[in-house]
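Here's the structure, in structure tokens; my notes come after.
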Amino acid sequence: MNNLVNVITLLKKLQCRVADVMTKVFAVIAVLIILFAICGWFVRGRYLSSLVTVTLHNAAKHPVKEIRLTHERGVVLINGIKCGESRTIKFDPRQAESVYSLQIEFQNGKKLKDRGVYIERGDRIDETITENGFKNRFF
């Protein structure tokens, strides 16, 4: 009888230890699932987006009358950017690698045209418009 009580006591202790271990295992699994979900959301949004984002900043002394951004799927027109203002354009290139070009006309009639900018899907570019041309910066 004494042996039976010892076995039952030992089984209860073992059951408590197994429950503690299982609780910790489930907690670790839950944390890992949350971390994988956050990493997947970040990678998908940051690195796997196919849209190209071009932000145009007017740093010139004159307002911009019209901007024409030409890419392989068409043309995007933006009218009127005052000095110091910015506009953002997003487009989806057909291919993994592509080119876009800018043509700008200022309110005073001066026109600028770039040679084209090489891009890849998901690129983010800041284009600064000056009196004499463009300065681009990739992120």
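The values are calculated or read from the model by the stated rules, or taken from the named source; none is laboratory data. Given the structure is predicted, the values throughout are model-derived calculations rather than measurements. Because the Cβ atoms are built from the backbone with ideal geometry, glycine has one as well, and the counts that use them run over all protein chains shown.
Quick notes on this structure:
- Evaluating N132 against the criteria (1) closer than 20 Å to V52 by Cα; (2) touching a Leu at 6+ places or on another chain (Cβ under 9 Å); (3) surrounded by fewer than 17 Cβ atoms within 10 Å (Cβ to Cβ) leaves one unmet condition, (1).
- Output for the range 47-76, where each listed residue is closer than 16 Å to K113 by Cβ and loosely packed, with under 12 Cβ neighbours inside 10 Å: V75
- Every residue from the range 116-130 that is within 11 Å of S98 (Cα to Cα), more than 15 Å from the chain's Cα centre (by Cα) and in a loop (DSSP other than H, G, I, E, B): G116
- For I89, the criteria (1) surrounded by 10 or more Cβ atoms within 10 Å (Cβ to Cβ); (2) outside the structural domain of G122 (by TED's automatic domain parsing) hold in every case but one, which is (2).
- The residues on offer are L11, L48, L35, and the sole one that is at pLDDT below 70 and within 30 Å of D123 (Cβ to Cβ) is L48.
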